[in-house]
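Structure record follows, encoded as structure tokens.
The values are calculated or read from the model by the stated rules, or taken from the named source; none is laboratory data. The shown structure was predicted, so the numbers you read here are calculated from the model rather than taken from an experiment. A quick note on method: Cβ atoms are made from the backbone with ideal geometry, for glycine too, and the neighbour counts reach across all protein chains shown. Heavy atoms of the whole protein, side chains included, go into the accessibility calculation; ligands, DNA and RNA do not. Shrake-Rupley method; radii C 1.70, N 1.55, O 1.52, S 1.80 Å.
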Amino acid sequence: MKLILAVVQDQDSNRLLNALVENNFRATKLASTGGFLKSGNTTFLIGTEDIRVQKALDIIKENCRSREQLVAPVSPMGGNADSYVPYPVEIEVGGATVFVLPVDQFMHF
């Protein structure tokens, strides 16, 4: 058995959850916040048998896409302002960060 932790952008979370349910995966959805952009993310906890891991990964890949986004950088507080860029920059956001972990024991009460 494996535990899949998938961190996805909020924009993709409902589409991913629907696709997981359609394919008989059970998932727990947690609100989370990214450290770099401090924007909303959703973390999914998905427990599944080893033989279904690749199917779950395929579903995540199909439903979580990366996109370009303009971000206004935050000015440094008391830091060195020499490297501060005062105008928005375009960065790639989205997609999914996924961890697949072994599960030693599973109990359902």
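Contact map, region 1-13: residues that are at negative phi paired with residues that are β-branched (Val, Ile, Thr) and open to solvent by 60 Å² or more (accessible area, probe 1.4 Å), Cβ distance under 7 Å, separation 6+ or inter-chain. Pairs shown: 2/100; 4/100; 7/97.
Conditions (1) at pLDDT below 95; (2) surrounded by 13 or more Cβ atoms within 10 Å (Cβ to Cβ); (3) among the charged types (D, E, K, R); (4) not in a helix (DSSP H, G or I), marked per residue:
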position	(1), (2), (3), (4)
42	yes, yes, no, yes
45	no, yes, no, yes
69	yes, yes, no, yes
75	yes, no, no, yes
93	yes, yes, no, yes
105	yes, no, no, yes
109	yes, no, no, yes
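Residue check: residue 16 meets all listed conditions (1) assigned to a strand (DSSP E or B); (2) open to solvent by less than 60 Å² (accessible area, probe 1.4 Å) but one, namely (1).
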